[in-house]
Amino acid sequence: DDYIDINPLWKKGKKIVINRDNVEEFVRSRNTSKDYSNKTRMQRQKLYIQTYINQLKTQLTNDYSTTLQKMYARIVEKFAEKTNITLKEIDSYAEMILNYSIDNNEYYTLPGEDQKGELHDEFIVDQK
């Protein structure tokens, strides 16, 4: 898809490189001047999750030990005072990721209807 309404460099057919400088923009932004722009934001969020898991699986498959150490070091660096996660727990997480698969059919969307609200788009969940 074309995401130039979020970033003019994100044109259809071009490779988008997501990194720490633009990841939030990619997964959170939407064009509020367009009706129902949340749908494209949700598509980008699904794409990001699928791509993240697939790339992590590739890294773990190519060099499990180094990838595990990098994951653990990054968590300790960022959250040292806020977590007590162990390397063994990261190892369990990595094993889970290697055995995990996801596709578009595995996402659940609540049944409901989009509508224009007074200030913004709204999603009205079916009450049935």
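Quick notes
- Distance (nanometres) between label positions extended 7 Å along Cα→Cβ at Asp103 and Lys39: 2.3 nm
- Of Tyr108, Tyr64, Tyr100, the one that fluctuates the most in a GNM where the chain has Cα springs shorter than 10 Å: Tyr108
- Principal-axis tilt of helix 64-79 within the chain, Cα atoms, nearest 10 degrees: 70 degrees
- Per residue, in Å², the accessible surface of the chain once ligands and nucleic acids are set aside, probe 1.4 Å: 79 Å²
- Backbone phi angles across the range 20-30, fed through the Karplus curve with coefficients 6.51, -1.76 and 1.60 (θ = phi - 60°), yield HN-Hα couplings of 5, 7, 10, 4, 5, 4, 5, 8, 10, 6, 8 Hz in residue order; Gly and Pro are listed as x.
- Overall, the accessible surface of the chain at a probe of 1.4 angstrom is composed of carbon and sulfur to the extent of 49 percent.
- Phi angles of the range 33-38 translate, via the Karplus equation with coefficients 6.51, -1.76, 1.60 and θ = phi - 60°, into HN-Hα couplings of 7, 9, 5, 6, 5, 5 Hz per residue; Gly and Pro are given as x.
- Computed from backbone phi, the HN-Hα couplings of the range 80-93 come to 3, 8, 10, 9, 10, 4, 9, 4, 4, 5, 5, 4, 4, 4 Hz, rounded to whole numbers (Karplus: 6.51 cos²θ - 1.76 cosθ + 1.60, θ = phi - 60°; Gly and Pro given as x).
The values are calculated or read from the model by the stated rules, or taken from the named source; none is laboratory data. Here the structure is a predicted model, which means the values were calculated and not measured. Neighbour counts are summed over all protein chains in view; Cβ atoms, including those assigned to glycine, are modelled from backbone coordinates with ideal geometry. With ligands, DNA and RNA removed, areas are computed over all heavy atoms of the protein, side chains included. Shrake-Rupley method; radii C 1.70, N 1.55, O 1.52, S 1.80 Å.
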